[in-house]
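One structure follows; several queries about it will come next.
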Amino acid sequence: MSILIVADHDGTGLSQPSRSAVAALAGLGPIHLLLTGANAAAAAPAAAAVSGVEAVLVAEDAATAVPAVEAVAAMVVGMAGNYSHIAAPASAAGKNLMPRVAALLDVQQISEVAGVIDADTFVRPIYAGNALATVKTSDAKKVLTIRAASFDAAPATGGAARIETIAASGASPLSTFLGSEGVKSERPDLTSARIVVSGGRALGSSENFHLIDALADTLGAAVGASRAAVDSGYAPNDHQVGQTGKIVAPELYIAVGISGAIQHLAGMKDSKFIVAINKDEEAPIFQVADYGLVGDLFALVPELTAALAKP
Amino acid sequence: MKVLVTAKRVVDYNVKIRVKADHTGVETANVKMSVNPFDEIAIEEAVRLKEKGAATEIIVVSAGPAAASEQIRTALAMGADRGILVQHDGVLEPLVVAKLLAAIIAKEAPGLVILGKQAIDDDMNATGQMLAGLLGWAQGTFASKIEMKGETAVVTREVDGGLETVEVKLPAIITTDLRLNEPRYASLPNIMKARKKTIDTMTPADLGVDPTPRLTVLKVEEPPTRKAGVKVGSVQELVEKLRGEAKVI
């Protein structure tokens, strides 16, 4: 049987976490992608080009640009008969949708899949990633969310999937989308960036946080933050890296003024290289850092930014 | 309006967990247990709704071993009015917990249910959404702000690109994110008062729910540990390492 992935898109193509979900499940069967919401049709050609995809199902309805999760869940449940596995990236949208789908199918979802052993057996982190559980499900149908940081994304090209238009979910009497406050950024997306620069409580203010922005821009990096920095209002909530925020695994992660609580480490310890800048040489972040620099971030970060600006 | 909240018993977030030597799970004997921090935020929000006059009664539910009554007492000391313990000693998966809650909700008929978005032990992030699905109710997940508006609630949600606002029809399920509020500490007089509040105990069978897990844990392992690297003496040395050794920039 085929596999359905409810994918995230930006109106031009698939999100990188969605391509990671394709790569994670490609070994289990032919992959169908479901695209919903505004500009789903516009994103379909790029989605169809993703390696390993057999079909792209487009459910777009001009009247509901942001379809209600309650309606989308009902639609996915209606399609479930054709699929052995129903999955989504473990993005905010995927995490919101999939458990509702699972409950309506009487299935115990497997969240944040970080490894695929076979069609029934998956590896997932528990306790903020401090343990890895291998679980086998007895449910006939599998409902999964996929942790993007654990899988390389499927190549954006090489596929030639068919594109089908299907009926959209329509509105829901239960909920109405009122609006969003987007943090529009020229920087790369945090969960798929090659380099991430994150700041912690030690930055001391949102003005000082611009030191992180400047370093990130020099490197073409995304900006992250510890929970403490977000709670203090130095950085917006969607910058939070950690157990309950974003899980990232870039090639280079630079942690500035972050002590390294286990909840933060849970979100970044799979990065390829970790740099830590902190004035406390006993800070736990140094236990996971490949390169540690002890000292005052207010002197070191501008110096680093200047040094990196030179070729 | 009745508000129903949850209080899962979990290993305290400050405890460094240890994987059992036989790889069957995580050591939970003789470890400090607490209310799941996201549930604490849910309880706090319910208490604030009551203080504002938007809620009349707060019912707190915990499903777990007999000792989970400790977590219910914590919620009662924070300001919940009465507790329900669904006692079960084995693993309770989110789907089972959602079914237990759905059965309790059928009897109690709350106008709003607030749960933590995830428990910090299994990190599933599923029970609230599952409960909403089972009940056919609206869901406002990952809430950082809740505004009650009579027949509806306006929920500000933390999403990948920033914040999103949805209006949900009541009764509804709301799950809490970190920035919804800062939970209070219970005062000593309130802890004393909580001892007199009622906790009803029932079992999954009483609620007509089969607690059998769907997932079999084959093994639990420690993740590969990172080795601490080197301390560099200067920015210049760091840049040299990143360019020459790591070759990441």
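Please treat every number below as a calculation from the coordinates, not as lab data. These figures come from a predicted structure and were not determined experimentally. Neighbour counts run over all protein chains shown; Cβ positions are idealised from the backbone, glycine included.
Compute the distribution of all C-alpha to C-alpha distances in region A:57-185, in bins of 10 Å from 0, and list the percent of pairs in each, rounded to whole numbers.
11, 35, 36, 18, 1
Let me test this: with uniform point scatterers at the alpha carbons of region A:113-171, what is the Debye-based log₁₀ I(q)/I(0) at q = 0.20, 0.26, 0.29, 0.30 1/Å?
Normalising to I(0) and taking log10 leaves -0.91, -1.06, -1.18, -1.23.
Next up: When only Cα pairs under 8 Å and 6 or more residues apart are kept, what is the percent relative contact order across region B:95-237? Write out the running numbers ahead of the final one.
Working: 180 pairs, mean separation 33.7, N = 143.
24 percent.
What net charge is computed for the residues neighbouring A:L28, neighbours being all others with C-beta under 11 Å from the C-beta of A:L28, Lys and Arg scored +1, Asp and Glu -1?
On the way: positive: A:K142; negative: A:D118, A:D120.
Result for the local shell: -1.
What average count of beta carbons from other chains do you get within 10 Å of the Cβ of residues in B:11-19?
Details: counts 1, 0, 6, 2, 2, 3, 6, 3, 6.
Partner-chain Cβ atoms within 10 Å, mean over residues of B:11-19: 3.
Give me the distance in nm between label points sitting 7 Å out from Cα along the Cα-to-Cβ direction at A:A63 and A:S84, one decimal.
3.8
Using a cut-off of under 11 Å, list every residue of region A:58-94 whose amide N is near the label point 7 Å from the Cα of A:A140 along the Cα-to-beta-carbon line.
Correct set: A:81.
Tell me the angle of helix A:210-219 to the major Cα principal axis of chain A, expressed in degrees between 0 and 90 and rounded to the nearest ten.
For A:210-219 against chain A, the angle is about 70 degrees.
Let me ask something else. Put +1 on the Cβ of every Lys and Arg and -1 on every Asp and Glu Cβ in region B:2-220; which of B:M124, B:I72, B:T156 then has its Cα farthest towards the positive end of the dipole?
Going by the charge dipole, the pick is B:I72.
Here is a follow-up. Computed on alpha carbon atoms, what radius of gyration and Dmax characterise region A:212-311, expressed in Å?
Here Rg and the maximum Cα pair distance are 12.7, 37 Å.
Here's a follow-up. Antiparallel DSSP bridges in chain A: what percent, to the nearest 5?
Approximately 15 percent, going by the DSSP bridge assignments.
Calculate, in nm to one decimal, what B:N14 and B:E57 gain on full extension: separation in residues at 0.36 nm each, minus their alpha carbon distance.
Net length gain for the segment: 12.3 nm.
Take the Cβ-Cβ distance between B:A106 and B:E147 as r, set R0 to 35 Å, and report the resulting FRET efficiency rounded to the nearest 0.05.
The computed FRET efficiency comes out at 0.80.
Here's something else I'd like to know. What does the average come to when, for each residue of peptide B:87-99, you count the partner chain Cβ atoms lying within 10 Å of its Cβ?
The per-residue average across the peptide is 2.
Which percent of the Cα-Cα distances in region B:205-248 go past 15 Å?
Details: 673 of 946 pairs.
Considering region B:205-248, 71 percent of its Cα-Cα pairs are separated by more than 15 Å.
Something else about it: Please average, across the residues of B:112-125, the number of beta carbons from any other chain that are within 10 Å of each residue's own beta carbon, and give a whole number. Intermediate results must be reported in sequence, preceding the final value.
On the way: counts 0, 0, 0, 0, 1, 3, 5, 1, 6, 4, 7, 12, 10, 10.
Partner-chain Cβ atoms within 10 Å, mean over residues of B:112-125: 4.
From the square roots a ≥ b ≥ c of the eigenvalues of the alpha-carbon gyration tensor of region B:2-220, which class results: rounded (a/c under 1.5), prolate (a/b over b/c), or oblate?
Rounded.
Give me the net charge for the shell around B:K193: Cβ to Cβ below 13 angstrom, other residues only, Lys and Arg +1, Asp and Glu -1.
+4
Follow-up question, since we're still on this one. What order do you get for A:L14, A:L203 when you list them from fewest to most C-beta neighbours inside 10 Å? Walk me through the intermediate numbers first.
Numbers: A:L14 30, A:L203 26.
Fewest to most other Cβ atoms nearby, the residues stand as A:L203, A:L14.
Largest first and in whole Å, what are the equivalent-ellipsoid semi-axes of region A:1-97 based on the Cα gyration tensor, each being the root of 5 times an eigenvalue?
In descending order, the three semi-axes are 19, 16, 12 Å.
What is the packing order of peptides A:253-260, A:155-162, A:191-198, taking the mean over residues of other C-beta atoms within 10 Å and listing the highest first?
Packing order, densest peptide first, comes out as A:253-260, A:191-198, A:155-162.
Right, another one. Using the beta-carbon distance between B:D210 and A:D296 and R0 = 56 Å, what value does 1/(1 + (r/R0)^6) give for FRET efficiency, to the nearest 0.05?
About 0.40, to the nearest 0.05.
Let me ask something else about it. With springs only between Cα atoms under 10 Å, which of A:S138, A:S18, A:S180 fluctuates most in a Gaussian network model of chain A?
With Cα springs under 10 Å in chain A, the top fluctuation among A:S138, A:S18, A:S180 is at A:S180.
Can I ask one more? Against the globular-protein guess of 2.2 N^0.38 Å, express the Cα radius of gyration of region B:141-247 as a ratio, rounded to two decimals.
Working: Rg = 25.1 Å, N = 107, 2.2 N^0.38 = 13.0 Å.
Taking the Cα Rg and dividing by 2.2 N^0.38 Å, one obtains 1.93.
Follow-up question, since we're still on this one. Based on the mean of other Cβ atoms within 10 Å per residue, sort peptides A:48-58, B:226-236, B:2-12 so the most packed one is first.
My ranking of the peptides, most packed first, is B:2-12, A:48-58, B:226-236.
Given +1 on the Cβ of Lys and Arg, -1 on the Cβ of Asp and Glu, and no further charges, what dipole in debye does the protein assembly as shown carry about its Cα centre, rounded to the nearest 20? Write down the numbers at each step before the final one.
Details: 52 positive and 62 negative charges, 164 e Å.
Computed charge dipole of the protein assembly as shown: roughly 780 debye.
Give or take rounding to whole Å, what are the principal axis extents of the alpha carbon atoms in region A:260-311, in descending order?
33, 23, 15
Compute the signed sum of charges (Lys and Arg +1, Asp and Glu -1) over the other residues within less than 9 Å, Cβ to Cβ, of B:I58.
Net of charged neighbours comes to +1.
Quick one: dipole size for region A:1-116, taken about the Cα centre, charges +1 on Lys/Arg Cβ and -1 on Asp/Glu Cβ, in debye to the nearest 20. Each step should come with its number before you reach the end.
Working: 3 positive and 8 negative charges, 33 e Å.
With only Lys, Arg, Asp and Glu charged at Cβ, the dipole is about 160 debye.
Let me know the shape class of the protein assembly as shown, please: from the alpha-carbon gyration tensor, a ≥ b ≥ c as square roots of the eigenvalues, rounded when a/c is under 1.5, otherwise prolate if a/b is greater than b/c, or oblate.
Working: a/c = 1.56, a/b = 1.19, b/c = 1.31.
It comes out oblate by the Cα gyration axes.
What is the order of B:V217, A:V248, fewest Cβ neighbours within 10 Å to most?
Exposure proxy ranking, most exposed first: B:V217, A:V248.
I'd like the FRET efficiency for A:T218 and B:I191, computed as 1/(1 + (r/R0)^6) with the beta carbon distance as r and R0 of 56 Å, rounded to 0.05. All intermediate terms of the calculation are to be shown ahead of the outcome.
Numbers: r = 53 Å, r/R0 = 0.94.
With R0 = 56 Å, the Cβ-Cβ based efficiency is 0.60.
Report the percentage of all Cα-Cα pairs in chain A whose separation exceeds 37 Å, rounded to a whole percent.
The answer is 20 percent, as a whole percent.
Going by the alpha-carbon gyration tensor, a ≥ b ≥ c the square roots of its eigenvalues, is region B:76-152 rounded (a/c under 1.5) or, if a/c is not under 1.5, prolate (a/b greater than b/c) versus oblate?
Here region B:76-152 falls in the rounded category.
When all alpha-carbon pairs of region A:153-222 are counted, what percent fall beyond 20 Å?
Summing the P(r) of region A:153-222 above 20 Å gives 61 percent of all pairs.
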